[in-house]
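Any read-out appearing in this document is the output of simple, stated calculations on the displayed coordinates, not a laboratory observation. Computed from a predicted model, the values in this text were never measured in an experiment. Cβ coordinates were reconstructed from backbone atoms using ideal geometry, including for glycine residues, and neighbour counts include every protein chain displayed.
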Amino acid sequence: MTDDSATVDGPDPDSSGPLTDDPDRRHDAEIVSESDRRVRHSDPSVRARLRRRRRRTNRIYIGLGVSLVVLLIGYIALYFLPVFAVREVTVNGPETIPAEAVVERAAVATGTPLLQVDTHAIARRVAGIPRVDQVTVTRDYPSTLQIDLVERIALVVVEVDGALHLVDDEGIDFGQGEPPPGRRC
């Protein structure tokens, strides 16, 4: 009597499953996979699908490239060409400060492209006027620079060396002037 039963621990040595550690079998499996890929790519329907996918990808890249070029040209046009240049400076909000004084203090050259205008520097220069409390400078396309300001409000009038000085709620003396209606020194 012969015993035909056998027990095997672990994977079958003749299988080419994923558990194999044999480099030759792994290499052979890669060659078969590459061969399968070549055979699949020879199928006309697979090649047509791959061509459609390649065309779609190319269209996406071309569209992105064209969009970037258009954006770059637009930015260059806005930054350097006088198409969107300062032609007018408007001042909103002053009651006692003449608008001409604000425009003169802003020192903006007409014809300067709006993107080249340093709005922070203009706001700092206009804020140097003693009666100005807050300043906002904005670009209003296509050709206007807008300066919005809030004037200081005199709460106290103080007499200094015979002249009436106005003082706001923060204690800042912002110059000589007449007392506001209803106030006395």
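Compared with the direct C-alpha span, the chain from D43 to D133 gains 24.7 nm at full extension, assuming 0.36 nm per residue. A Förster radius of 35 Å combined with the Cβ-Cβ distance from E88 to I153 puts the calculated FRET efficiency at roughly 0.75. At 4 °C and a viscosity of 1.567 mPa s, what translational diffusion coefficient does Stokes-Einstein give for the stretch 21-176, taking Rh as the Kirkwood radius over Cα pairs? Give it in µm²/s as a whole number. The estimated diffusion coefficient comes to 59 µm²/s.
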